[in-house]
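I have placed the structure first, in the form of structure tokens, so that the comments after it can refer back to it.
The values are calculated or read from the model by the stated rules, or taken from the named source; none is laboratory data. None of these values were measured; they are calculated from a predicted model. Positions of Cβ are backbone-derived with ideal geometry, glycine not excepted, and every protein chain shown enters the neighbour counts. Note: areas computed on protein heavy atoms with side chains; ligands, DNA, RNA excluded. Shrake-Rupley method; radii C 1.70, N 1.55, O 1.52, S 1.80 Å.
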Amino acid sequence: MSSQDNYAHAKFGIDEIYIHEGLSPSLLEKLHRRAMFSLDADDPIIQKYVSNDMILIFHNQTPTHSLIYRFLKFLDQDKNREHFIKSNTLINEEELFSAIKSKDYVLVTHRTLVKETYTPD
């Protein structure tokens, strides 16, 4: 990871980022259930700026939708975008499991997630 990559992380308080071209639907669902929150294709900003699945891990900052939107816009406009994505792309999903085991994270995906609906008895 280059210093430019670290700068992008630090600027938005992101400690770790994992990008995947397409997590399996079952893994995506599991990650969605454990995430602090998820952003998906139902969100117009996600539709505009996201083309991969991302796990964003925060150690010292509480993430907000606004913070993540600003990061995605920054990444979209960054001239080193392709390099950043390539250098943060997961090669082995096992890396992801050890990384998120006991950490808070936000899931960002270009696909639509299944939302649970509450129906009173």
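Observations on the structure shown:
- Solvent-accessible surface of the range 1-113, averaged per residue with a 1.4 angstrom probe and all protein chains in place: 54 square angstrom.
- Candidate values [x] 69, 11, 9; [y] 28, 22, 10; [z] 23, 16, 14, label of the one derived for semi-axes √(5λ) of the Cα gyration tensor in Å: [z]
- Counting only DSSP H runs of at least 4 residues, each contributing -39500 (n - 2.57), and dividing by the residue count of the chain, the helix-based mean residue ellipticity at 222 nm comes to -12500 deg cm²/dmol.
- Potential extension, Val114-Asn80 segment - 0.36 nm per residue separation minus Cα distance: 9.0 nm
- Here the relative contact order of the chain, from alpha carbon pairs under 8 Å that lie six or more residues apart, stands at 43 percent.
- Listed peptides 42-49, 31-38 appear in the order 31-38, 42-49 once ranked by packing, highest mean of other Cβ atoms within 10 Å at the front.
- Nearest-10 value in Å² for the accessible area of Ser102, using the 1.4 Å probe: 110 Å²
- With respect to the chain, whose longest principal axis is taken over its alpha-carbon atoms, helix 65-77 is tilted by about 40°.
- Carbon and sulfur %, accessible surface of the chain computed with the full protein complex present, 1.4 Å: 50 percent
- Within the listed set Leu90, Leu27, Leu107, the residue fluctuating most in the Gaussian network model of the chain (springs between alpha-carbon atoms under 10 angstrom) is Leu27.
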